[in-house]
Amino acid sequence: MNERIIKLTDAEEVQDFVRAAGHCDFDIDISYQRIVIDAKSILGVMGLGMERELTVKYGGEDFEFENVLSKYSVA
């Protein structure tokens, strides 16, 4: 299982992230503290709030998704 920390600052970034996650054929979860959401749900991701450090966990590999994660990666 891969894990990355990201920060999404506006609705366009959320849309970009969810679109990339939606193209993956494996499960992707995004979490903040104890709340875990399916990363393919735009309403769920927006509900977590912006300007927070979010943890993304996923079990597969997709080059496009990795590129999107790199754009929003913290540290």
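The values are calculated or read from the model by the stated rules, or taken from the named source; none is laboratory data. The structure displayed is predicted, hence computed values, not measured ones. Glycine also receives a Cβ, built like all others from the backbone with ideal geometry; neighbour counts cover every protein chain displayed. Keep in mind that these areas ignore ligands, DNA and RNA; they rest on the heavy atoms of the full protein, side chains included. Shrake-Rupley method; radii C 1.70, N 1.55, O 1.52, S 1.80 Å.
Below is a table of values for the structure above.
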{"quantity": "Residue within region 61-69 that is assigned to a strand (DSSP E or B), under 11 Å from the mean Cα position of the chain (by Cα) and under 17 Å from ASN2 (Cβ atoms) present", "calculated": "no"}
{"quantity": "Residue within region 24-39 that is surrounded by 12 or more Cβ atoms within 10 Å (Cβ to Cβ) and assigned to a helix (DSSP H, G or I) present", "calculated": "no"}
{"quantity": "All positions within region 1-23 that are under 14 Å from VAL56 (Cβ atoms), outside any strand (DSSP E or B) and open to solvent by 70 Å² or more (accessible area, probe 1.4 Å)", "calculated": "MET1"}
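For (1) touching a helix residue (DSSP H, G or I) at 6+ places or on another chain (Cβ under 9 Å); (2) without any contact (Cβ under 8 Å) to a residue 24 or more places away in the chain; (3) not polar (S, T, N, Q), each residue gets a yes or a no:
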site	(1), (2), (3)
ILE5	no, no, yes
ILE28	yes, no, yes
VAL36	no, yes, yes
MET50	yes, no, yes
